[in-house]
Amino acid sequence: MGLYKNHMNNQGGNAKLIPLYVYHVKQCDPKKCTGQKLTRNRLATDLRKLSQIPKRAILLDPFSEVILSKQDLEIASHNGILAIDASWAKFTADSFEKIRGIKRALPFLVAANPTNYGKPIRLSTVEALSAALFILGFEEQAKNILSKFSWGLNFLTVNQELLQLYIKAETSDQMLELSIQVLQEL
């Protein structure tokens with residue numbers, strides 16, 4: 001965890017940023033597409049082909065049985081985090097099977113984007129990436145990517161208590177326990 005503490009201490013200064021990738025499957029409205037806006041602003045690398053995906057990147061997969069935790073920090077720091085920019089209505093568990101990467105789910109969070117506001121789990125691409133960054137200790141990078149959207153920082157406000165709880169977990173098993181606890185309290 002020394003790497004984690006090093007990043008935490010340096011977040012205000014010249015800390016190394018976690019590489020972010022967005023794989024576009026061209027299913028969403030380009031005007032509402034948070035992934036495209038991230039790539040236009042050079043906050044994430046735009047990927048259009050499966051062959052471009054880094055082999056050992058953390059793939060944010062809502063169907064994964066393993067939840068992202070601080071255990072994944074070293075992998076994410078070296079290989080990046082990948083989000084799939086697709087429509088929730090069209091992209092299925094089978095779709096994720098075709099995509100390489102180290103698959104990790106995010107814990108329970110609530111969307112703050114205009115399309116899915118207040119809906120659990122239905123995060124936009126930028127919300128998913130920022131949640132992953134926050135959990136891994138890259139709060140400033142998470143805020144930076146959210147700040148490009150008028151509603152973006154509201155995601156951290158809506159999920160403040162949950163995110164503060166999740167950053168306490170060191171392992172995926174601890175994250176699972178916290179997620180179960182959160183769901184039981186709903």
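Here are a few things to note about the model shown:
- In order along region 59-69, the Karplus-derived 3J(HN,Hα) couplings, from 6.51 cos²θ - 1.76 cosθ + 1.60 at θ = phi - 60°, round to 9, 6, 10, x, 9, 5, 8, 10, 9, 4, 8 Hz, and Gly and Pro are given as x.
- Note on region 112-186: Cα convex hull, mean projected area over all directions, 4.7 nm².
- A viscosity of 0.890 mPa s and a temperature of 25 °C, combined with the Kirkwood radius over Cα pairs in Stokes-Einstein, give a translational diffusion coefficient for region 2-185 of 151 µm²/s.
- Computed over region 2-185: relative contact order in percent, which uses C-alpha pairs under 8 Å that are six or more apart: 25 percent
- Cα centroids of region 65-82 and region 146-165: 20 Å apart.
Bear in mind these aren't lab numbers, they're just calculated from the coordinates by the rules spelled out. Because the structure is predicted, anything quoted here is derived from the model rather than measured.
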